[in-house]
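Below is one structure; the comments refer to it alone.
The values are calculated or read from the model by the stated rules, or taken from the named source; none is laboratory data. Just so it is clear, the structure is predicted and the values come from calculations on it, not from any experiment. In this analysis, Cβ positions are derived from the backbone assuming ideal geometry, glycine residues included, and neighbour counts consider all displayed protein chains. What goes into the accessible areas is simple: the full protein's heavy atoms, side chains included, and nothing from ligands, DNA or RNA. Shrake-Rupley method; radii C 1.70, N 1.55, O 1.52, S 1.80 Å.
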Amino acid sequence: MKQKAQVADIDRSLYDFRYDEDASDFLSSGITPEIIREISEEKGDPDWMRDFRLRSLEIFSRMKMPVWGPPVDGLEMRNIVTYIRPKSRMNSDWNDVPEHIKETFERLGIPQAERESLAGVGAQYDSELVYHNVRKEVAESGVVYTDLESVMHDPQYADIIRRHFMKLVPPTDHKFAALHGAVWSGGSFVYVPAGVKLEIPLQSYFRLNAKGAGQFEHTLIILEENSELHFIEGCSAPKYYEAGLHAGCVELYVGKHAKLRYSTIENWSKNMYNLNTKRALVEEGGRIEWVSGSFGSHVSYLYPMSILNGRGAAAEFTGITFAGEGQNLDTGAKIVHNAPETSSHIDTKSISKSGGISTFRSAVTVHENAVGSRSSVSCESLMLDGISRSDTVPVMDIRTDKCDIGHEAKIGRISDDAVFYLMSRGMDEQAARAMIVSGFAGNVSKELPLEYAVEMNNLIRLEMTGAVG
Amino acid sequence: MAAVKLNQLPAPTFSWLGVNGTEREIPDDLAEEIVISGRDESVTKIDVQKSTKVTVNGGVDPQLVVMHIRAEKAVIRTAVHADAGQQIRLVQIISGGETVSALQADLAENASLELVQIYLNTADAVSGIEIAMNGRKSVFTSHIGYVLADDDRLDINLNIVQNGKKTASDTTVRGVLRGHAEKVFRGTIDFKNGAEGASGTEQENVLLLDEHVVNKTVPVILCAEEDVVGSHGATIGQIDPKQIFYMQSRGIPEKQIYEILAQSQLGSIVKQIGDAETEQAVGRLLGKEADDA
């Protein structure tokens, strides 16, 4: 009779701490024109942004919920608090950040990472950024890394923001994009001038501490011609019984022959609905690389889209999704080939355990003008028990003959032969299974910054540890 | 006639892709009903030119049923029942016209169904195939080929539901698109919980010969069982330039090269028919298609 390794739930103590909030800082829950006006006033929006928010609210009100994907009926929008007043203004000196917020980010290792290996750091706590800083030499090269709210009032950049904000992801895109347009708050603006190549990454970290709240940060990155950037995004929240909502938006403009790597480790707590939208527009010879790890959330809808808009533009998506007990993670990628000789590659792994549901969903579209384009998609799924679920739903929509498109997918469980082989070399069963799963996820961990790769492997080892029964 | 939703994808996806299903107006009544049972001859050939319901029941001996569907406008419903250990091979050649075809099959323990479907110049064909593999060790093999040109339309929805333990499915799809032809192929392998030891594979290969063709491929795997092995693959694109160069270097004109390669694309599917006379007839239709092109 077969014996199986019993898989323990992940130890979330690193992320699962919280501080009590002051109720007077919360705006009323729900989404009404009055609340939108109040948010706009709190944030000191220019008129065009206030009007944009109100238009987005109208779109949100008339749009329907998606008719595909995981159920979101546990999300009561009227109970979600969309904005929490900050306890402090944004700081560029870590010592000025309020003590409990500082402690939060220190426990998550953020300032340490900044000192050791980052060109700049942004930290958002609930609805607003509390800290933003870039190294002096990076700022001197002309790189701008700051919050959207202040740069919107900067005469040098105000027009750039207006021309780019929610142009790639318009509020009409889907219901939660409209919600984002109405209530967005916080996030980062990055501008890299032509020819500037940042060799060390920038990182933004988003922490949602408040109970029953939403986080709606907006990240806008513009890379001019021949520039390079690696941007890292991390997110976490403590666990509550009330549903939380993350409906962020990321818009990336990659100029001619520029290169952007966007890495995300998403580790929201398992009461969160992660309904995030990410999109990149890539010009001639440019390149976007997405590296994505999805470990947290109760429900996720996450499919970064790359629009290859210039000749020779390229996209690469490398992702892993780990769905455990109570999780329904629907992840993947979308690629639009909209110019000649563009290329794309999607490589994903997903793991399901303890009743978790993991779905890989993708769309590769090749337009008539994308002659000479190439695309390959590879997705592999691993089922760790018989009570979980793993689905694969890819679509290829091809509208030119001069292209080469390939797709392959596999699903299965850990091979008994592989476990037997490793055990015959002296490993116990748990270690053998953990090694096989780590190897399965190897394509993603090798693309991550070292400290994240170590964290991911620790996470997998934790998941796989347990008594054999 | 009322518009009916057809070919619904078992796991719907992004609405803007337009692949979650289709709609057609179909007549309420079927003109004719044909029942083919295991007591009939082991090879049965029927010519279908109007709306018909065909029921195929397996017998003691292996059954081969060949249906040539060539109606201007028709609805063809086919039901296949394979009881324990029965073996059925069903060949459906669908050419021309506006056709809605719905095939439902249920397979009992150790039963097997081999399906060969070839679509030739279908003006507007919608084909739904539902296979219920309830019996332990039941086997489903399908070979699907299509050649479409001009403004031809083809919409296929293959849904293989593997309930039984140690069931095995294997699907091969090969096609050629020319002119302004549009094709959707949805192929789903659905491993239900309890289908221990089941396996399923699916492979589609599409050759695109003109710049205005539209190809949509949706290979889905749904899995609620740990002890299964599933895979799918697709390759879509143009003829390998090396192949063209090689054949040109042997003195074959370029136009003829395209015809040879288009015919060879379906050659392996035609060979699966298992009836020499039908294979030759399909070969002639493919040749005519090439001449017309």
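Within segment A:224-252, how many residues are of a type in the set (Ser, Thr, Tyr), surrounded by fewer than 24 Cβ atoms within 10 Å (Cβ to Cβ) and either part of a strand (DSSP E or B) or modelled with pLDDT of 95 or more (or both)?
1
If the requirement is being open to solvent by less than 40 Å² (accessible area, probe 1.4 Å), free of Cβ contacts under 8 Å to residues at least 12 places away in the same chain and out of contact with any strand residue (DSSP E or B) (no Cβ under 6 Å at 6 or more places or on another chain), which of these qualifies: B:Gly251, B:Gly267, B:Gly283, B:Gly287?
Residue meeting the stated conditions: B:Gly267.
Which residues, taken from segment A:325-350, are buried (at least 24 other Cβ atoms within 10 Å of the Cβ), of a type in the set (Val, Ile, Thr) and either in a strand (DSSP E or B) or at pLDDT below 95 (or both)?
A:Thr331, A:Ile335, A:Ile346, A:Thr348
Six or more apart or on different chains, Cβ under 6 Å: which pairs go from a residue in segment B:35-56 that's among the basic types (Lys, Arg) to one that's open to solvent by less than 30 Å² (accessible area, probe 1.4 Å)? Could you list them?
From residues that are among the basic types (Lys, Arg), the pairs are B:Lys45/B:Val66; B:Lys50/B:Ala71; B:Lys50/B:Ala74.
Has segment B:145-167 got at least one residue that is closer than 24 Å to A:Ser350 by Cα and within 10 Å of chain A (Cβ to nearest Cβ)?
no
Can you pull out every residue in segment A:157-174 that is open to solvent by 30 Å² or more (accessible area, probe 1.4 Å) and over 20 Å from A:Val254 (Cα atoms)?
A:Thr172, A:Asp173, A:His174
Considering segment A:147-198 alone, what residues qualify as being among the acidic types (Asp, Glu) and free of Cβ contacts under 8 Å to residues at least 60 places away in the same chain?
A:Asp147, A:Asp154, A:Asp159
What is the residue count in segment B:231-248 for residues that are open to solvent by less than 70 Å² (accessible area, probe 1.4 Å) and in a helix (DSSP H, G or I)?
Qualifying residue count for the region: 2.
Restricting segment A:381-399 to residues that are farther than 20 Å from A:Pro70 by Cβ and at pLDDT 95 or above, which is most open to solvent (accessible area, probe 1.4 Å)?
A:Arg399
This table checks each residue for (1) closer than 23 Å to B:Arg153 by Cβ; (2) more than 13 Å from chain A (Cβ to nearest Cβ).
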{"site": "B:Val19", "(1), (2)": "yes, no"}
{"site": "B:Ala31", "(1), (2)": "no, yes"}
{"site": "B:Ile34", "(1), (2)": "no, yes"}
{"site": "B:Gln49", "(1), (2)": "yes, yes"}
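Evaluate the following for A:Ser354: is it within 14 Å of chain B (Cβ to nearest Cβ) and at pLDDT below 95?
Spelling it out, A:Ser354 is indeed within 14 Å of chain B (Cβ to nearest Cβ) and at pLDDT below 95.
Restricting to segment A:178-211, what's the tally of residues that are at pLDDT below 95 and open to solvent by 10 Å² or more (accessible area, probe 1.4 Å)?
Of the residues in segment A:178-211, 6 are at pLDDT below 95 and open to solvent by 10 Å² or more (accessible area, probe 1.4 Å).
Can you tell me which residue in segment A:400-417 is farthest from the other protein chains (Cβ to nearest Cβ), limited to those that are of a type in the set (Asp, Glu) and open to solvent by 30 Å² or more (accessible area, probe 1.4 Å)?
A:Asp417
Regarding A:Met456, is this residue in contact with a Ser or Thr (Cβ under 7 Å, 6 or more places away or on another chain), open to solvent by less than 20 Å² (accessible area, probe 1.4 Å) and at pLDDT below 90?
For A:Met456, the condition - in contact with a Ser or Thr (Cβ under 7 Å, 6 or more places away or on another chain), open to solvent by less than 20 Å² (accessible area, probe 1.4 Å) and at pLDDT below 90 - is met.
Could you list all residues from segment A:253-294 that are at pLDDT 95 or above and part of a loop (DSSP other than H, G, I, E, B)?
Listed by number, the residues that qualify are A:Gly255, A:Lys256, A:His257, A:Ala258, A:Glu283, A:Glu284, A:Gly285, A:Gly286.
Among the residues of segment A:435-444, are any touching a Phe, Trp or Tyr at 6+ places or on another chain (Cβ under 9 Å) and either modelled with pLDDT of 95 or more or more than 9 Å from every other protein chain (Cβ to nearest Cβ) (or both)?
Yes, the conditions are met somewhere in segment A:435-444.
Quick grid of which residues meet (1) farther than 28 Å from B:Val19 by Cα; (2) free of Cβ contacts under 8 Å to residues at least 12 places away in the same chain; (3) more than 14 Å from chain A (Cβ to nearest Cβ):
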site: B:Pro219; (1), (2), (3): no, no, no
site: B:Leu222; (1), (2), (3): no, no, no
site: B:Gln238; (1), (2), (3): no, no, no
site: B:Lys242; (1), (2), (3): yes, yes, no
site: B:Ile257; (1), (2), (3): yes, no, yes
site: B:Ala262; (1), (2), (3): no, no, no
